[in-house]
Amino acid sequence: MKVFFLKKENFTPYDKRFLFGNSFKTEKRNVEFALSRFLLDFVLKNVYNIKNYEIETINKKPKIKNSNVNFSISHSKEVVLVAFSNFEIGADVELIKEIKLDRYSKYFKKNFESLNNFYDFWTKYEAEIKLQTKANFFKSLIIENEYYLSLCAKEKIKKVEFYKLIKNNNSIAIEELKIEN
């Protein structure tokens, strides 16, 4: 499994071609959609060598038509992330910010003792929704020291490789990150 992400601030203004004719109610949503599709496109072409592809939606889940490459998109605050695998996956990333744990504990009828405890629950919950079935395996960790990420699948997640897209002037580079998992 490979996870690629970028920081929005480094890739805005965004290329409006990646909206594919879509227009959302807010500019924030336009940016998130365009940057997630840019990241997907860049990785498919430059890492997986899939130059021509078509995205189809099955049960509200985007898929690459006629391919065994699966992906899941997530974004939070300043990060856009796409996880790739050869099996179905779900991914969710959330900025770790102060929240009222007692309020969420009461709402979910669950005792959240720390922010990490809450974000572990929440990102797993969201990732499993994106998987669209009950997950058998989860992998959770913190990236960039401020984002909680959970990945899930029905199949065992053995190793996760992490990459960050870096923009230098007009060129884009992929930087591999060493994140324990």
Hey, could you check the range 126-167 for residues that are free of Cβ contacts under 8 Å to residues at least 60 places away in the same chain and of a type in the set (F, W, Y) and say which is surrounded by the fewest Cβ atoms within 10 Å (Cβ to Cβ)? F137
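Every residue, every condition in (1) more than 27 Å from E9 (Cα to Cα); (2) polar (S, T, N, Q), yes or no:
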position: T123; (1), (2): no, yes
position: I129; (1), (2): yes, no
position: T133; (1), (2): yes, yes
position: F137; (1), (2): yes, no
position: K154; (1), (2): yes, no
position: E161; (1), (2): no, no
position: N169; (1), (2): no, yes
position: I179; (1), (2): no, no
Residue identified as farther than 24 Å from E126 by Cα and free of Cβ contacts under 8 Å to residues at least 12 places away in the same chain among K51, K63: K51
Yes or no: L141 in contact with a strand residue (DSSP E or B) (Cβ under 8 Å, 6 or more places away or on another chain) and closer than 28 Å to K100 by Cα? yes
Within the set of pairs 6+ apart or on separate chains, which have a first residue in the range 10-22 that is in contact (Cβ under 8 Å) with a residue 24 or more places away in the chain, a second that is of a type in the set (K, R), and C-beta atoms under 7 Å apart? N10/K167; F11/K167
When the range 14-58 is examined, which residues are found to be modelled with pLDDT of 90 or more, assigned to a loop (DSSP other than H, G, I, E, B) and surrounded by 11 or more Cβ atoms within 10 Å (Cβ to Cβ)? V47, Y48, I50, Y53
Does S171 count as hydroxyl-bearing (S, T, Y) and either over 14 Å from the mean Cα position of the chain (by Cα) or within 13 Å of I89 (Cβ to Cβ) (or both)? yes
Boolean, A83 is at pLDDT 95 or above, under 24 Å from E146 (Cα atoms), of a type in the set (G, A, S) and touching a Cys at 6+ places or on another chain (Cβ under 9 Å): no
Of all residues in the range 89-112 being β-branched (V, I, T) and either in contact (Cβ under 8 Å) with a residue 60 or more places away in the chain or loosely packed, with under 10 Cβ neighbours inside 10 Å (or both), the one that is nearest to V79 (Cα to Cα): V93
Members of the range 1-13 found to be in a loop (DSSP other than H, G, I, E, B) and surrounded by fewer than 19 Cβ atoms within 10 Å (Cβ to Cβ), listed by number: T12, P13
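The values are calculated or read from the model by the stated rules, or taken from the named source; none is laboratory data. Computed from a predicted structure; not experimentally measured. Methodologically, a virtual Cβ is constructed for each residue, glycine included, from the backbone with ideal geometry; neighbour enumeration extends over all protein chains shown.
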